[in-house]
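Bear in mind these aren't lab numbers, they're just calculated from the coordinates by the rules spelled out. It should be emphasised that the depicted structure is a prediction, and the values quoted were computed from it without experimental measurement. Cβ placement follows ideal geometry from the backbone for every residue including glycine, while neighbour counts extend to all protein chains displayed.
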Amino acid sequence: MRIIVILGRVLDPSGIVVKGSAGRIFVNREEYLIQPADACALEAALRIKDGMAAEVVALPRSPLPDDDILRQAIARGADRAIYLTGPALKAADEAAMTGVLTAAIERLGGADLVLIGSTTLDTGQGQLGLRLAEALGGAQITGAWQVSSADGQVQAVLQRNGRYVAVEADPPVVVTLLPGALKLRYPDGVRLINVYRGVGEVGDALEAWDAADLVDEAALTPLVESRGKEFAPERERGVRASGTPAEMAQAAADALRQRMRR
Amino acid sequence: MDASYLDLLMAQQEEITEEAAGGGGVWVVADVVNGSIAPVTLEGIGAARTLADSLGAYVYGVLLGAGGADLAQTLYQAGADGVRVADDAGLSEFALEPYLHVLADLFEAEQPEVVILAATQQGQELAPRLAQRMGGGLIEHVTAVTLDEATRTVQGAVPIYGGQYFEILACPEARPQFLTIEPGTFPAPFVDSYRKGEPTLLDVEPATPAVRVIGPAEDFEPPPVPLKQAPVIVAAGRQVGGEAGFALVQQLATALGGRVAGDRGARDAGWIEAGQVVDVRGVEVAPEVYVAAGIRGDTFHNAAIEEAGFILAIHPDPHAPIFESADLGLEAEPQDVLPALLEALGD
Amino acid sequence: MDFTFSPEHIALRRMIREFAENEVAPIAAEIDRDHQVPMETMRKLGQVGLLGVCFPQEYGGMGAGEMGYCILMEEINRVCTSTGTNVGAHIGIGAMAIYLDGNDEQKRRYLIPLARGEQFAAFGLTESGAGSDAAAIRTRAVREGDSWILDGGKVFITNGGYADVVTVMAVTDPALGARGGITAFIVETDWEGFKVAREEDKMGIRGTSTAELVFEELRVPHENVLGKVGEGFVTFMKSLDMGRLTLGAACIGGAEMALESAVRWAKTRRQFGAELASKQAIQWKIADIATELEALRSLVYRVAWLVDTGQPFGQLAAMCKLYGSEVASRAIDIALQIHGGLGFSRDFPLERGFRDARIGEIYEGTSEVQRIVIASNIFREHGVRIRP
């Protein structure tokens, strides 16, 4: 079974301070993490591999300035990783990445299972995995807590209407994992060092592929562009509700409901 | 102005006749919850109406389901100019392939300019598939929109890191422009009960879902979330009003799907464990929502909730320091407001 | 000059930080309170390969060099000095002595399980009459056929209470003294005649074992002589040089924790209508900690680089230990002061950090001994011999 894991990186939010009044983001510690939900996807893949013959290949979710998270994936147990490069890839959005990743998966010989996080910590976008499902012509299982494989099928546990249910689909399947669903294992020390040195059994586990060899340049043109940032007005603290207890309770309920919808 | 004249005018119900338009338009895919149109869909129609008025386009609603065709009127009343209805037993509940099949055929034929879906399970599953199939751009979890009129491009604000700031995204060339909108962030439109229309029924042949439900996952337990990472925390303090007050705090936590915690006073009273004490000497937390009931809020407690997204404080003493940290403060005995709050949330 | 960490060391630091935050930080207060060695955490450190960080891969290690080991010490000590001390005694002096002077067979037999955390090591040098004056040891080893018989004992042995293997220094020829009369032995602690007499009750690093060991007719096979007979002094001096460097690295962790805590509290705590960060008295304190920390970091990692590139480093290692322990103590003292009453509270980690930091100026050669080492090296170059 070939399992593709799509991984992204994200600036650790605990190292940043967002100041709306200054209209800027202050970075006091520039540290990148594997997108938390993608980390769950990697763990899900490794757990399947723990129990059966499977090849786990890591691919990037977006253009990356370095191959660091892919090496990390290998250190934690992935068999291979493909670093996608090329100047044309730089501005790729989810639509463009879908094209490149589909071509890369095809070159790898196809996939039985694609695992990816259900959302990104920073931008909250969940479309890449499902665009891939469309491009690969596969089924999609979204928001899984667990994934397994038996009898040539893919099984997953999801929450639907407040209950946990088990579902199943025929490969190829894209499964998106919820952040926090699984705790990613630690890297193995020896694999970690060797994957950076390019020696040992992980010596050639990381490959770099030029995106231009996979798709036409036109396919790499992003559909979505950024037109700047906006900051919410500074938070106003110390606001008090007035009126009778019932009126105050109503104001509190409205405020909570507003917040909880997010 | 003669009011009776107005009545007369309005009584002539506005029958909407849809243009046999050559493509375009702003389309909204409806979410149906418990047999009625979800509020987020009405919010979507409202947003679509604003965009369509500036674009000089029509607003269309799409309703998929089984036997709920009369819900179409709700979409008209909210501002839709046309409604398409797919009514089939195979569409009674959302499943990807049946819904996708209907919508993809419809949009291939209609070539919308903008398609709005809700950032709900249904919308989030459908939007990427439709966008990929049609070569359209997709902006997810949009909380506000503006229009770049010159290029007829919708600009959506997307919360970053859960809303610490917003990125403005736009899809300048590819069409359709797909958006999923965050529930509760767009104003609900004026519902004009005089508006009505005749929905178009779609011919459908629903596809089979690719994912099969095996059954309930009975043994499954989600991994415990440490208090540090809990998204909702309801905390009790010394002035919560004794055991009875603490019981209300527990009820509120259940109602909000949150975790129970407290200050050192709650620990002294034996209501909570050491691991539930919110304090720089205990656990520092960063929930989306933190409710402090009867917590006076000393420096050591308040510093431990600095990262909370929204703080609701309930305390009888108007001078309690917790109020300076709180986004909303209620000067009251917790046991006086909590029952009313539970009731208000129950609606 | 290139002062950047290599990508492999950056990745290693990230891995260790992740481990430290998830596995070590949550137990730090508890092991201090309960006076418990975190055995499970120590084993986990071994399972992911970290206890072999600086040893070659052929002996079960990661092969990340002294640089990697310093990163490990910094990151673990940043969250828990007790665990850092256990790790340091195990890798840095216990197993290190075997790595530096063991033969291939000894390394296969002992270093591999030590690097994997299946066994733990301690370093047996200090005696009640021989601490800083290491050459004054009294434990005797007498040759008897294919074995040596050890009699005597050791005190203040870190990891002594739970180690499986102890590298023991004993006098094999009293006439020769330090130069030629001391031999190092690899001792397995389940051998007859090896006894843990007691555990010390300490002011700080309470999540460690500091034991008194007694050897009574302890029979050690000759093949367990570490290095050559009579060259034990060289073995332990080499181990201690490395140990001093990595204690300097450990102190970066302690000082870093203090600085992070002080900055955070200075931002948060308001007095007289403004946060502490706006008061110059506080700003200067924080500027001082940050400056000393940065100076220490530069020193330690430069020395690690000297070790990994095979250059002499002994003099600078003494400076790492001396400067590091004093910087860490000062940083924690200042951070505690900035926190006021909160810093003094046992419910807040600075109090533990303050108690833990104190040992830094004492163990593995006191600050006074480090100064003697440094000064005597300086004067030796001028032809002046200094005797302690």
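Considering all different alpha carbon pairs of the stretch A:1-66, the Kirkwood hydrodynamic radius works out to 13.9 Å. Largest GNM mean-square fluctuation across B:Val115, B:Val232, B:Val154, computed for chain B with C-alpha springs under 10 Å, falls on B:Val232.
Ordered from longest to shortest, the equivalent ellipsoid semi-axes for the stretch C:264-303 are 29, 9, 4 Å, each the square root of 5 times a Cα gyration tensor eigenvalue.
Comparing Cα centroids, the stretch B:287-322 and the stretch C:304-374 end up 38 angstrom apart.
On the basis of the beta-carbon distance and an R0 of 35 Å, B:Phe190 and A:Lys90 show a calculated FRET efficiency of 0.15. Dividing the radius of gyration of the alpha carbons in the stretch A:206-262 by their Kirkwood radius gives 1.43 for Rg/Rh. By a straight-distance test (C-alpha under 20 Å), which lysines pair with C:Lys321 as possible cross-link partners, with residues fewer than eight away in the same chain excluded? C:Lys321 reaches C:Lys238. Close amide-amide hydrogen proximity is noted between C:Ala122 and C:Val165, C:Val166, C:Thr167, each under 5 Å apart and 5 or more residues distant or on a separate chain (H modeled in the peptide plane; Pro and chain starts excluded). DSSP bridge analysis restricted to the stretch B:20-201 gives an antiparallel fraction near 35%, rounded to the nearest 5.
Go ahead and run the numbers for FRET between B:Ala89 and A:Met52, Cβ-Cβ distance against an R0 of 51 Å, rounding to 0.05. Efficiency, rounded to the nearest 0.05: 0.85. Taking the helices alone, the protein assembly as shown has a mean residue ellipticity at 222 nm of -11500 deg cm²/dmol, built from -39,500 (n - 2.57) per DSSP H run of at least 4 residues and averaged over all its residues.
Between A:Ala156, A:Ala41, A:Ala135, the residue with the greatest mean-square fluctuation in the GNM of chain A (Cα pairs under 10 Å linked by springs) is A:Ala135. Taken about its Cα centre, the stretch C:7-120 carries a charge dipole of roughly 100 debye when the Cβ of each Lys and Arg holds +1 and the Cβ of each Asp and Glu holds -1.
Across the stretch B:29-49, the residues whose backbone nitrogen lies under 14 Å from the label position 7 Å along the beta-carbon direction of B:Asp70 are B:35-37. Rounded to the nearest 10 degrees, the inclination of helix C:7-19 to the longest alpha-carbon principal axis of chain C is 80 degrees.
Taking label positions 7 Å along the Cα-Cβ direction at both C:Ala281 and A:Gln153, the computed distance is 7.2 nm, reported to one decimal. Residue separation of B:Glu149 and B:Ala207 scaled by 0.36 nm, minus their Cα-Cα distance, works out to 17.0 nm of gained length.
Label-to-label distance, C:Glu40 versus C:Asp146, with points set 7 angstrom from Cα along the beta-carbon direction: 4.3 nm. Which residues does the label zone of B:Glu306 cover in the stretch C:328-346, counting backbone N under 13 Å from a point 7 Å along Cα→Cβ? Only C:339 pass the distance filter. With the convex hull constructed from alpha-carbon coordinates only, the stretch C:167-231 shows a mean projected area of 5.7 nm² over all directions. Cα-based values for the stretch C:122-229, radius of gyration first and Dmax second, are 13.3, 44 Å. Between the stretch B:18-89 and the stretch C:164-188, the alpha-carbon centres lie 88 Å apart. On the beta carbon distance between C:Ser128 and C:Ala175, with R0 = 22 Å, the FRET formula returns roughly 0.45. With the gyration tensor restricted to C-alpha atoms of the stretch A:36-94, the semi-axes of the equivalent ellipsoid amount to 24, 11, 10 Å, longest first. The number of Lys pairs in chain A with C-alpha atoms less than 30 Å apart, excluding pairs fewer than 8 positions apart on the same chain, is 4. Ellipsoid semi-axes for the stretch C:1-106, based on the Cα gyration tensor and the rule √(5λ), read 23, 19, 11 Å when sorted largest first. Residues B:Trp27, B:Trp271 in ascending order of nearby Cβ atoms (within 10 Å, fewest first): B:Trp271, B:Trp27.
The convex hull defined by the C-alpha atoms of chain C has an orientation-averaged projected area of 19.8 nm².
Here the mean projected area of the convex hull built on the C-alpha positions of chain A is 17.7 nm².
The simple spin-label model puts a point 7 Å past each Cα toward its Cβ; for A:Lys229 and C:Arg13 those points are separated by 2.4 nm. Were the residues from A:Glu31 through A:Val17 laid out at 0.36 nm apart, the gain over their Cα-Cα distance would be 3.7 nm. Shape annotation for chain B: C-alpha extents along the principal axes are 72, 62, 41 Å, from largest to smallest. Angle of helix B:242-256 to the longest C-alpha principal axis of chain B, folded into 0 to 90 degrees and rounded to 10: 20°.
The percentage of C-alpha pairs in the stretch C:278-388 whose separation is greater than 21 Å is 50%.
Each listed q (0.12 Å⁻¹) maps to a log10 I(q)/I(0) for the stretch B:228-346 from the Debye sum over equal C-alpha point scatterers, namely -0.33. The rule of thumb for compact globular proteins, 2.2 N^0.38 Å, goes into the C-alpha radius of gyration of the stretch B:26-135 0.97 times. Only bridges with both residues in the protein assembly as shown count here: give the DSSP antiparallel percent, nearest 5. The antiparallel proportion sits near 45 percent.
Per residue, the convex hull spanned by the alpha carbons of the stretch C:150-286 comes to 147 Å³.
Ranked by the mean number of other Cβ atoms within 10 Å of their residues, highest first, the peptides C:84-90, B:237-243, B:273-279 fall in the order C:84-90, B:237-243, B:273-279. Computed over the alpha carbons of the stretch B:101-159, Rg followed by Dmax gives 12.0, 33 Å. Here the scattering of the stretch A:66-161 is modelled by Debye summation over its C-alpha atoms, one equal scatterer each and no solvent; at q = 0.17 Å⁻¹ the log10 of I(q)/I(0) is -0.96.
For chain C, the longest principal axis of the Cα atoms and the long axis of helix C:314-339 meet at an angle of about 40 degrees.
State whether the stretch B:105-215 is rounded, prolate or oblate according to the following rule on the C-alpha gyration tensor (a ≥ b ≥ c being the square roots of its eigenvalues): a/c under 1.5 gives rounded; otherwise a/b larger than b/c gives prolate, and the remaining case gives oblate. It is rounded, given that a/c, with a ≥ b ≥ c, falls under 1.5.
Taking the Cα centre of chain C as reference, the dipole from Cβ charges on Lys and Arg (+1) and Asp and Glu (-1) amounts to some 1060 debye. Altogether, the Stokes-Einstein calculation at 10 °C and 1.306 mPa s, with the Kirkwood radius of the protein assembly as shown over Cα pairs as Rh, returns a diffusion coefficient of 50 µm²/s.
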